[in-house]
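Contents: one structure, followed by commentary.
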Amino acid sequence: MYLREMLTSVLAVVAIGLLLFTVSGVWPPMVAVESGSMEPHMEKGDLIFITEPGRFAPDAAQGDTGVVTYEAGQESDYRSFGSYGSVLIYDNPDSFGPPIIHRARFWVDDGENWYDEANPEYMRADSCEELRYCPAPHAGFITKGDNNAEYDQANGIAPPVREEWVQGVARVRIPYLGWVRLGFSGAAFATPAETGVAQVEIVSTAVSPAEFVASDPVTTDAAVEGPPPANTAPTVGERAAKPFGSTGVATPPAA
């Protein structure tokens, strides 16, 4: 009886996993939000169901990426998680730390001067020359946490997000359930500063959701010293310590 019940439970878990993988096209199909940079639309401890970017992609998606930018979402009235455009999960292979879950704001082409297209509220620069990654070193998405004060590309988190860096698109939010995953990894008890340092820890198992980071708001002296040098890649320390702020507006008129 005991062996039969145990086998039945294992088979049920496997069946659910296969079903989720079939629907999502990615593994693991769920991720736990580790911090508050996507508030109020995603909270720390939320469990997010994700899919392969091309699945369920609307016509407004950027090319074949399956991702709808904030700009395109405004034009087509495509919304997800309380605002326009897609929330994507991306991983820059040249940086340490787990992937990041932020919203795609707009697309830039290789060599494009994207300063005039950007919302001036989300960067601390007066020209392309003062803006990181401008002109764009390659084609990709300009991204931003809904609760962050700057674009990821303006504060040095990442260069424009290449299409191949996008690991999935967020589809469904399940509040609180992600705390179980964060509790096992220790992220549930970390302060914002500790979470930034712990980005180097990647926890991945075959049967439980991996944790993805929506980068935490922190403050450093860089916020006082003025904008960083243009077109310079961040160091590992900078990636964990750049200022994010918490005054991002969910639906501003510009990208």
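Summary of computed values
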read-out: Pairs, first closer than 15 Å to residue 150 by Cα and free of Cβ contacts under 8 Å to residues at least 24 places away in the same chain in the range 111-138, second open to solvent by less than 70 Å² (accessible area, probe 1.4 Å) and not in a loop (DSSP other than H, G, I, E, B), C-beta under 6 Å, six or more apart; value: 115/128
read-out: Of the criteria (1) out of contact with any Leu (no Cβ under 9 Å at 6 or more places or on another chain); (2) in a loop (DSSP other than H, G, I, E, B), which one residue 114 fails; value: (1)
read-out: Selection count, the range 137-153, where residues are in a loop (DSSP other than H, G, I, E, B), under 20 Å from residue 53 (Cβ atoms) and over 12 Å from the mean Cα position of the chain (by Cα); value: 3
read-out: Residue within the range 76-84 that is over 22 Å from residue 149 (Cα atoms) and surrounded by 17 or more Cβ atoms within 10 Å (Cβ to Cβ) present; value: yes
read-out: Residue, least open to solvent (accessible area, probe 1.4 Å), within the range 21-39, restricted to residues that are touching a Gly at 6+ places or on another chain (Cβ under 7 Å), in a loop (DSSP other than H, G, I, E, B) and not small (Gly, Ala, Ser); value: 38
read-out: The lone exception for residue 96 - which of (1) open to solvent by 10 Å² or more (accessible area, probe 1.4 Å); (2) within 13 Å of residue 146 (Cα to Cα) it fails; value: (2)
read-out: Among (1) at pLDDT below 95; (2) closer than 20 Å to residue 33 by Cβ; (3) of a type in the set (Lys, Arg), the one test that residue 124 misses; value: (2)
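The values are calculated or read from the model by the stated rules, or taken from the named source; none is laboratory data. Worth saying up front: this structure is predicted, and the values here are computed from it rather than measured. So basically every Cβ, Gly included, is an ideal-geometry build from the backbone, and we count neighbours across all protein chains shown. We work out accessible area using only protein heavy atoms, side chains counted, and drop any ligands, DNA or RNA first. Shrake-Rupley method; radii C 1.70, N 1.55, O 1.52, S 1.80 Å.
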